[in-house]
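The block underneath contains the structure these notes are about, expressed in structure tokens.
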Amino acid sequence: MNGVVRCVVGYSGGVTADPTYRSIQDHTEALLVEFDPKVLTYEDLVLSWTQMHQPVSKGKCQYRSAVWYWNEEQKEVAEEVVKEWRAASRNELYTDVDPVTQFYRAEEYHQHFMGKVGRR
């Protein structure tokens, strides 16, 4: 996506230090997306994510759907995008909007996973 600088697979949202895939505990599998705000707005990034994602069931903590924000402006944008997304959907959508917490990089075998195994 034009404006995305880097993506890193990892874990976030919990308080347990140093989670791994086998000991994820209270964290959620997450994707850290670094982007150039001169090229891509946070709103456009979240809107794009909604077009690729359909959280129609409540997953356990590890697989829950969430959008994280860094500041109040991003919080307002994320809440509005998610609100409009839910209103436009025929299904109930389960997505949390939460403040950023500590991010832990996932094991190397999770990085660029789709390129390693291909689309299913």
In Hz, Karplus ³J(HN,Hα) per residue of the range 52-57 (6.51, -1.76, 1.60; θ = phi - 60°; x = Gly, Pro):
9, 9, 9, x, 8, 9
Percent antiparallel among DSSP beta bridges confined to the chain, rounded to 5, stands at 70 percent
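Of all accessible surface on the chain at a 1.4 Å probe, what whole percent is carbon and sulfur? It would help to have the intermediate numbers written out before the result.
Working: 4170 of 8230 Å².
Ligands and nucleic acids excluded, carbon and sulfur reach 51 percent.
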Sorted by chain and number, the residues with a modelled amide H under 5 Å from that of ALA30, at a separation of 5 or more or across chains, are GLY10, TYR11, SER12
In Hz, Karplus ³J(HN,Hα) per residue of the range 23-38 (6.51, -1.76, 1.60; θ = phi - 60°; x = Gly, Pro):
9, 5, 6, 9, 8, 10, 4, 9, 10, 8, 10, 8, 9, 8, x, 6
What are the ³J(HN,Hα) values, in whole Hz, obtained from phi via the Karplus relation 6.51 cos²θ - 1.76 cosθ + 1.60 with θ = phi - 60°, for each residue of the range 83-88 in sequence order, with x given for Gly and Pro?
4, 5, 4, 5, 5, 7
Would you grab the residues whose amide H sits under 5 Å from the one on PHE35? Only those 5+ places off in sequence or on another chain, please, with H modelled 1.01 Å from N.
VAL5
Quick check on the chain: helices-only [θ] at 222 nm, where DSSP H runs of length 4 and up contribute -39,500 (n - 2.57) each and the sum goes over total residues. Nearest 500, please.
-8500 deg cm²/dmol
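Nearest 20 debye, what's the magnitude of the dipole of the chain about its Cα centre given +1 on Lys and Arg Cβ and -1 on Asp and Glu Cβ? Walk me through the numbers on the way to the answer.
On the way: 14 positive and 18 negative charges, 138 e Å.
With Lys and Arg at +1 and Asp and Glu at -1, about 660 debye.
Shape call for the range 1-51 from the C-alpha gyration tensor, a ≥ b ≥ c root eigenvalues: rounded (a/c under 1.5), prolate (a/b greater than b/c) or oblate? Walk me through the intermediate numbers first.
Working: a/c = 3.08, a/b = 2.48, b/c = 1.24.
Taking the square roots of the gyration eigenvalues as a ≥ b ≥ c, the range 1-51 is prolate.
The values are calculated or read from the model by the stated rules, or taken from the named source; none is laboratory data. Because the structure is a prediction, the values reported are computed rather than measured. With ideal geometry, Cβ positions are generated from the backbone for all residues, glycine too; neighbour counts draw on all protein chains shown. Only protein heavy atoms, including side chains, enter the accessible area calculation; ligands, DNA and RNA are left aside. Shrake-Rupley method; radii C 1.70, N 1.55, O 1.52, S 1.80 Å.
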